[in-house]
Structure formats: structure tokens, C-alpha cells
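The values are calculated or read from the model by the stated rules, or taken from the named source; none is laboratory data. What you see is a predicted model, and the numbers here were worked out from it, not measured in a lab. With ideal geometry, Cβ positions are generated from the backbone for all residues, glycine too; neighbour counts draw on all protein chains shown. Ligands, DNA and RNA are excluded from the accessible area calculation, which covers all protein heavy atoms including side chains. Shrake-Rupley method; radii C 1.70, N 1.55, O 1.52, S 1.80 Å.
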Amino acid sequence: MKALDTAKTAPLSLQFRTSFIGLTILAGLSVGVARVVTSLYAVHIQASELQLGLIAAAQSIGLLIMALPVGVLVQRFGSLRIFSLGSVFAAVLYSVQPWFNSAWYLLLITALVSFVLPMRFVAIHSVFLSHLRALGPTKAGWFRGSHMLGFFLIAPSLGAWTLQILGYQWAFVAVAILFVLAIGLAPFCFKHSAEQTAQAAFAWRDLVAPLKLLQTQPQLRTICSLEFLSNSANSYFGFFIVVIAIQQFAFEASLAVMLLTVQGLVFVGSVFSLGALAEILGYYKFYLISLLLISAGLLSLSLAQSAFWLWPASLSLGLGLGMVHIANFMSFAKVGEQTSMHQISPLLALVGPAGGLLGGLAGAALGHSIGLQNLFGPIALAFFAMTLFIFKSLSFQEFLQQDADPTLQRQEP
């Protein structure tokens, strides 16, 4: 633990910062391109609606199951080793994907990949959260934004271009190569974090330790609730806004996709640029503003009678979600400093995908009976309730206003 504390306070070298930004872009890019290629390949082989739904769900199932076990592995063996193993396993799986033109085979490979991706996510989160205080909110936004830049903005175009040039068989090989390339940058990033602990016999309490933190840390429960809701809203918007725009507002497919692009641009842009504003306003006000923006955006989406209102609503939603993302990561890091960063990282990898899965399942289960557009309303009410809770919660306000430990003050390079 002493080594980890030293890692938090040591100035970060230019080599680390550039390597970590490159790694996060490449990590986001590899997963993003893989999802694009997988989705288009499923349509290409004429997967049924049931198979398409199962393939979409399979992308998250392993993340939920493996998030906590991988947290234990990172603590025992170190981020570098686990990240590298996860990258190799994913590369192997994607390289054998073209062997059979079967939707059920694609489902199997997609599910298996979802079990190894947490080895990359949790490792990166552990290093990122360990250095968050040294980075400060502004630089932290650049580090997080770089991952989203690769996943949301570069990956769709690169995935489509890869398919056009290489075709489906070699496109999966190209995805495998992207996963392997990340291993080359990993040593420059993970050598700064001495997370590996002395080898000890496995104990089940190590596996459930992050969940026990939720019992003893009320502020962590609040932050996890915010993360869960944010991912649910983002997932629901991402899954269904194109369908809503086409079916209910007569959008052309290309114009409907632009709603996703606008929301993604604003989301990524806010993560890149608003970290300093959070420090100026204070995280209590920053949270309230972000939650009100999300609530307003979701409510506008549910009530919109004209296509025009979809655009400002999407912008408001993207801005609010980006602001919550900034505040949540700083809050997760603060709890990690007070408890154990190794237990926070798997929680973060667990809560986000769980919320994302709920967003997709809500639309699938209730969209036909309630209406896809109308479901934005209950999600908006959940955010309004969360806004009121934070507004009235003196304990959470005090937590957000706590001064950082003097040993963890931001280091300027």
C-alpha cells in the first residue's frame, strides 16, 4: 500500500502521460471497432432478431460476472500482467471469429470476449484512479476523454472503413491486431503503479470486499447509484433514439444517426473541457447542474412533439452526462484514497455495464407496451429524484467539500 501511495503523489512524467493517453485511445478504439464490425457482421449473416438481441446482451454479460474477480487478480498479479493477458485473449478470440459464418458462433465468441475485456478495463481504471489526484480534474478529463474519443468518435468511421477495404474476415484480424498493439504501450503506463501485493491464498472475502464497501460507505452507494443511472440513460438513448427518430419523426437513417453523433460530441467535449469548471464551482453545484441538465434533456425527449426538440434535448443530455462522468471519477478516487483503490476499480467496472444492460432491457421489455419515447419520462423522474436527494443530503455535500489529504495534492509536472 505504501508503494501505491507513493505512486499517487509522485510527479507524472511526460512519457507516462503521452503513453497513457495513447493507450486509452487505442483501448477505446479497439473495443469500439470490434463492436461496429460485430454488429454489421451479424446483419451480414442475417442473424434473427432474437440472435441480434442475444449478441447485444452478450457484450455485457461477462463484464458483470468478471468485474469483481478481475479486481482480485489485479491486486495479486499487477495491472500490467492482467492487461496484457486480457489483450492477448481478446486478440485470439477475434482472430478465430471468421472461421464459421454462424450467428450462434458469433454469439459464443462475443460472450467469451466479454469475459476477458474486464482484464483491460479494471487494469486501466486502477492506474487511472491511482494517479487522479496527481493529474487534477483538467488533465484527468483529457485522459478519460481520450478513451471516449477512440470509442465514440473514431471507431465507427474506422470500423466502416476497415470493412470496406478488408472485408469481414480480415476486419476481425485487424481488430485482433489493435488489441495486440495496446500491449506495446502498456509497460510505459503500468510500471508507475506498484499494485501487486504479496501472494496469499485465495479467500472469498477478497472477491466480495468491494461489495462490502457499499455497506460501510454511504457516499460510495450514492456515487454508484449516479454511475448506474447515467449508464442506463446513455445506453437507452444509444440503443433507441435512432429507432424513435425514424419511426415517430420520419427521420432518414443518416439524419437519425446524427442525433447520436451530436450527443457523443458534446459528451466527449464536456469531459475534455469542463474539469476546471468543476473545481471552480465545487463538485456539489457541479453535480446539481449536471443532473438538472440530464433530467431536462430526458424529459424533453419524452415530451417532444416536433423533431426540432430532439436536437437540444440530445445536447442537454450529452452535456449533463459528461459532467456527471467528471464528478463521479473524482468522487470514486476520493473514496478509493480513504479505503482501497483496488476495491473501487472493480466496482466501477461492474456498476457501469449493469446500468447499460438495464437501459437496453428496459426498452426491450417495456418499449412495445409503454412506447420507446415515453420511457424517457420515468428515467427523467429517476434523475429528478437523485437531484433532490443530493440537494438535501448534508453528508454527501460534506463529503464533496472535504479538502484533499495534503499528501495527495495535485502535482504539477
Q.
Please return the ranges of helices (runs of 4 or more DSSP H) entirely within region 215-308 where 2 or more residues are among the polar types (S, T, N, Q) and open to solvent by 60 Å² or more (accessible area, probe 1.4 Å).
A. 218-249, 253-273
Q | Complete set of residues in region 356-377 that are open to solvent by 70 Å² or more (accessible area, probe 1.4 Å) and either in contact with a Lys or Arg (Cβ under 7 Å, 6 or more places away or on another chain) or assigned to a helix (DSSP H, G or I) (or both) | A | LEU358, LEU361, ALA364, ALA365, LEU366, HIS368, SER369, ILE370
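Would you mind stating whether ALA42 is open to solvent by less than 20 Å² (accessible area, probe 1.4 Å) and under 15 Å from the mean Cα position of the chain (by Cα)?
So ALA42 does not fit the description; no.
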Q: Test VAL127 against the stated conditions and say whether it is closer than 18 Å to GLY28 by Cα, at pLDDT below 85 and not basic (Lys, Arg).
A: yes
Q. Taking the condition out of contact with any strand residue (DSSP E or B) (no Cβ under 6 Å at 6 or more places or on another chain) and closer than 14 Å to ASN234 by Cβ, does LEU321 pass?
A. yes
Q.
Where the second residue is open to solvent by less than 40 Å² (accessible area, probe 1.4 Å) and acidic (Asp, Glu) and the first is closer than 12 Å to THR38 by Cα and lies in region 101-121, which pairs have Cβ atoms under 7 Å and are six or more apart or on separate chains?
A. none
Q: Could you grab the pairs with beta carbons closer than 7 Å, sequence gap of 6+ or different chains, first residue in region 332-353 and within 17 Å of LEU400 (Cβ to Cβ), second one in a loop (DSSP other than H, G, I, E, B) and at pLDDT 80 or above?
A: VAL335/GLN217; THR339/GLN217
Q: Of the numbered conditions (1) modelled with pLDDT of 85 or more; (2) on the phi > 0 side of the Ramachandran plot, GLN46 fails exactly one; give the number of that condition.
A: (1)
Q.
Which of the numbered conditions does ALA47 fail, given that it passes all the others? Conditions: (1) open to solvent by less than 50 Å² (accessible area, probe 1.4 Å); (2) part of a helix (DSSP H, G or I); (3) in contact (Cβ under 8 Å) with a residue 24 or more places away in the chain.
A. (2)
